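A short worksheet on the structure shown next.
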């Protein structure tokens, strides 16, 4: 199983029956209602008053509230430092409350802007002395669903491919290790005369290219410039030729070194598998390639 | 008189608790977003690093390029600093060879490839995000603590 990235970062609340009941009772006082909340209410069999305006979710003001730290400190100042046991005691009865309304409500969640809307609505209602309920009393009975990683199984094709590549790699290492020991592996091309002659040929060609281009550079400096500009003294012509040849030699040297280095790497790497080797069948590859 | 006062205080506490809860939700979302960003930037950086290695060939790097025990000392370019309010912030020093602030990017080559440069940028961004995430987490725990304490006082009344 693989953990995938969290897609939805929103905090979700499963609305409790208490919350929906309250909203259903107060429907004539609700001037507007976010679309999500309206949908949940209708789904759970609460009617919405006709005067209620449905607003889009992004119209709700959703801003981090300012915390009055002074007030918080003042209110909690005379509180004795209670150990965290008290917290556990508080949590226990809550869970019991949660159990009941869980079943009838599924699939609908309150999001942060709904909560903001609820908060402002409740503040409004409290100010008009219609009800005296706080948001925390309502959400205490709701189930909080935190954003979580989804688990999804690894693609079996990918798994098979990884396994095959791993086996090939191990097999190659094993080949390399046992090359000198085992007589049955003598047919590996690195050890035949033809292969080595071929590789020497390649190197000779590379060096010859280098020599040719340097010689051509020298010729250009020695004859070409003389032909273009007119008669030059012999010493100056040699100097020109050497300078041009040197520049070309430097550039060419870089590429030559790079090529030879790559070539060494290829030599070090053991033989590649033949293309018609069994595909993705781990069993056959896992066997030792020679007779014990 | 005192009754009204208690009532006022109670409603103030209730509103405070409401806003604390909302703040908690905001912080949880921000923290999750931050963690996702960390995940994304660091995996981007790793991919770019892998690409650099792929382009340069497996043997172009050696441990000799990394400073060992007896090489010259240098200062860190990036430090974690405690700002006001116990928040942490990342302080970066400009590269200054005379005073020992060397850029580690140039340990490996004079002209680092583009992918290595962008990998460095990604990882720098990740460090910033990690500091941000730590700050958010601290703030979140402060809010949770506030909620717990306030609920006890509300329960007492």
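The values are calculated or read from the model by the stated rules, or taken from the named source; none is laboratory data. Owing to the predicted nature of the structure, the values given are computational and were not obtained by experimental measurement. FYI the Cβ positions are ideal-geometry reconstructions off the backbone, even for glycines, and counts take in every protein chain you see.
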**Complete:** Picking from B:119, B:131, the residue that is over 30 Å from residue A:74 (Cβ atoms), surrounded by 13 or more Cβ atoms within 10 Å (Cβ to Cβ) and either in contact with a strand residue (DSSP E or B) (Cβ under 9 Å, 6 or more places away or on another chain) or within 13 Å of another protein chain (Cβ to nearest Cβ) (or both) would be B:131
**Request:** Identify the single condition in (1) within 14 Å of another protein chain (Cβ to nearest Cβ); (2) part of a helix (DSSP H, G or I) that residue B:105 does not satisfy, given that it satisfies every other one.
**Result:** (1)
**Request:** Inspect the stretch A:136-149 for any residue being away from chain B (no Cβ under 13 Å), more than 30 Å from residue A:8 (Cβ to Cβ) and not in a loop (DSSP other than H, G, I, E, B) and give the result as yes or no.
**Result:** no
**Message:** Testing residue B:106 on (1) under 30 Å from residue A:73 (Cβ atoms); (2) free of Cβ contacts under 8 Å to residues at least 60 places away in the same chain, one condition comes back false. Which one is that?
**Reply:** (1)
**Prompt:** Can we say residue B:150 is assigned to a helix (DSSP H, G or I), more than 14 Å from chain A (Cβ to nearest Cβ) and modelled with pLDDT under 90?
**Reply:** no
**Residue among A:112, A:125, A:118 that is more than 12 Å from every other protein chain (Cβ to nearest Cβ), at pLDDT 80 or above, crowded, with 16+ Cβ neighbours inside 10 Å and in contact with a helix residue (DSSP H, G or I) (Cβ under 8 Å, 6 or more places away or on another chain)** = A:125
**Message:** As an exercise: evaluate residue A:189 against (1) at pLDDT 85 or above; (2) loosely packed, with under 14 Cβ neighbours inside 10 Å; (3) in contact with a helix residue (DSSP H, G or I) (Cβ under 8 Å, 6 or more places away or on another chain) and give the number of the one condition it does not meet.
**Reply:** (1)
**Asked** Out of all the residues in the stretch B:76-96, which are within 12 Å of residue B:135 (Cα to Cα), out of contact with any strand residue (DSSP E or B) (no Cβ under 8 Å at 6 or more places or on another chain) and not in a loop (DSSP other than H, G, I, E, B)?
**Response** B:84, B:85, B:86
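Yes/no per residue for (1) in contact (Cβ under 8 Å) with a residue 24 or more places away in the chain; (2) at the interface with another protein chain (Cβ under 9 Å from one of its Cβ atoms):
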{"residue": "B:7", "(1), (2)": "no, no"}
{"residue": "B:18", "(1), (2)": "no, yes"}
{"residue": "B:29", "(1), (2)": "no, yes"}
{"residue": "B:34", "(1), (2)": "yes, no"}
{"residue": "B:48", "(1), (2)": "yes, no"}
{"residue": "B:66", "(1), (2)": "yes, no"}
**Request:** For residue B:83, work out the one condition from (1) under 30 Å from residue A:3 (Cβ atoms); (2) surrounded by 11 or more Cβ atoms within 10 Å (Cβ to Cβ) it doesn't fulfil.
**Result:** (1)
